[in-house]
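Notes follow the structure.
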Amino acid sequence: MITLALAGKPNCGKSTFFKAATMAQVEIANYPFTTIDANHGVAYVRTTCPCKELGIEGCTQCQDGVRFVPIAFIDVAGLVPDAHKGRGLGNQFLDNLRQADAILHVVDASGATDEEGNPVDPGSHDPREDIKFLGVEMTMWVHGILAKHWPRIQRQAQSKNYDIHDGVADVLAGLGITYEDSLHAATELGIDLQRSEIKDLVPFCELLLAKNKPVLFVANKMDTADKALLAELAEMDGVVSSAAAELALRMAADGGFIHYIPGDPSFTINEDANLSAQQRAGLEHLAALMAEHGGTGVQQAIDRTVFELLDQIVVYPVEDERHFTDKQGRVLPDAFLMPKGSTPKDLAFRVHTDIGEGFLYAVDARTDMRIKESTELKHGDIIKIVSAKK
Ligand SMILES: Nc1nc2c(ncn2[C@@H]2O[C@H](COP(=O)(O)OP(=O)(O)O)[C@@H](O)[C@H]2O)c(=O)[nH]1
Ligand SMILES: [Mg+2]
């Protein structure tokens, strides 16, 4: 399963974001290090269910044609400067990032937390300063791992059937960094690792990470942030969000007060909801905030990370290609996230190893035509796999 991790300073809103995205019970409080252990949960990517477009009745897997596909989500302990030297919960923090395919870097856009994550007056800290520091900490952490092994790697790489990129891949395998990644990064920088001193390899580590741990930054607390600054942060290719607003919406929807599908730009108040004047005012406030920003940004941040940074598509395997169902007649029962470039055979293996091994051919259920096992699957494809094994 795709795994995303939330990173950032203490008090930027990670746990609020996590709770909203997963609706799991985690502690939310305004002091550093609330989250001592990484919290693992399930969040969802939002996509359009093909049932509406195909005019299929009886889909029980979506809400009004909006489909949610699960991903694993981790709320990581807050990061403080010099974490790579072991400050704060630095080592634990960085270790948690190992498990993530991509990172949502939450920044307090309201400037109400200092560089250590301690509460300060709103606007007194410049959030732009926080954006760079995650990258620096992660790079220096990787550099530290490499440095520990560098003399030995350079020595070993002088032997015949082991080269320097084998050495890099061996010590950074836990981060998913491969021989090819090392080779590409060194080539791109035009450096010869065998002759490089470790102190000169910081840009090399930066490049390795850029490919293996893409980061989307999330300018959170938009509800209390300076408007001009928010516009600037959005320009820097970030997503603007209010985790607190999303949490309030999901709780209100859970309580039956409103109709809201996560990621929608707005919501409606249920006619029969028994709301106090104060609750109504709170909802009106949320509605105005959403109208201004096109939603709360929480779902948008997750979707952008998965679809743009990780280049995933959603594919629907079915057993009955005429009715788009499984054997029990359930419409579009499964939705799988797969990397762009995946083939029907990859999908077969994803369904089950046996199905993959017995793969005979696939049928595109939309066209009812057979497709080659090497055909590149498209986002939204509905595929029947025919396999010798069941
Ligand atoms: N105004 C505002 N406050 C928020 C938002 N998200 C979180 N907070 C508040 O920021 C404080 C720290 O939040 P928390 O999620 O515990 O931060 P963490 O330390 O990064 O996990 C809490 O008081 C939250 O209620 C937001 O979108 N807007
Ligand atoms: Mg927290």
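The values are calculated or read from the model by the stated rules, or taken from the named source; none is laboratory data. Only a predicted model underlies this, so the values are computations on that prediction, with no experimental measurement involved. Methodologically, a virtual Cβ is constructed for each residue, glycine included, from the backbone with ideal geometry; neighbour enumeration extends over all protein chains shown. Heavy atoms of the whole protein, side chains included, go into the accessibility calculation; ligands, DNA and RNA do not. Shrake-Rupley method; radii C 1.70, N 1.55, O 1.52, S 1.80 Å.
What does the charge add up to near ASP181, with Lys and Arg as +1, Asp and Glu as -1, over the other residues with Cβ less than 11 Å from its Cβ? Charge balance near ASP181 sits at -1.
In whole angstrom, note down how far apart the Cα centers of the range 143-178 and the range 248-292 are. Taking the Cα centre of each part, the range 143-178 and the range 248-292 sit 54 Å apart. Overall, the accessible surface of the chain at a probe of 1.4 angstrom is composed of carbon and sulfur to the extent of 50 percent. Rounded to the nearest 500, the helix-only mean residue ellipticity at 222 nm of the chain stands at -11000 deg cm²/dmol, with each DSSP H run of n ≥ 4 adding -39,500 (n - 2.57). Seen from SER242, the other residues with C-beta closer than 11 Å to its C-beta sum to a net charge of -2, counting Lys and Arg as +1 and Asp and Glu as -1. Using 0.36 nm per residue and subtracting the Cα-Cα separation, the extra length available between GLN279 and GLN156 on full extension is 37.6 nm.
If I stretch the segment between ASP226 and HIS184 completely, what's the gain in nm (0.36 nm per residue apart, minus their alpha carbon distance), one decimal?
Length gained between ASP226 and HIS184: 11.0 nm.
With the Kirkwood sum run over all distinct C-alpha pairs, the range 136-210 has a hydrodynamic radius of 12.1 Å.
A Gaussian network model of the chain, with springs between Cα atoms under 10 Å, assigns the largest mean-square fluctuation among ASP130, ASP354, ASP364 to ASP354. Spacing of the modelled spin labels on HIS352 and ALA288, each 7 Å from Cα toward Cβ, amounts to 5.7 nm. Per residue, the chain exposes an accessible area of 47 Å² to a 1.4 Å probe, with every protein chain left in place. Distance between the pseudo-spin-label points of SER196 and GLN61 (7 Å out from Cα toward the beta carbon): 4.4 nm.
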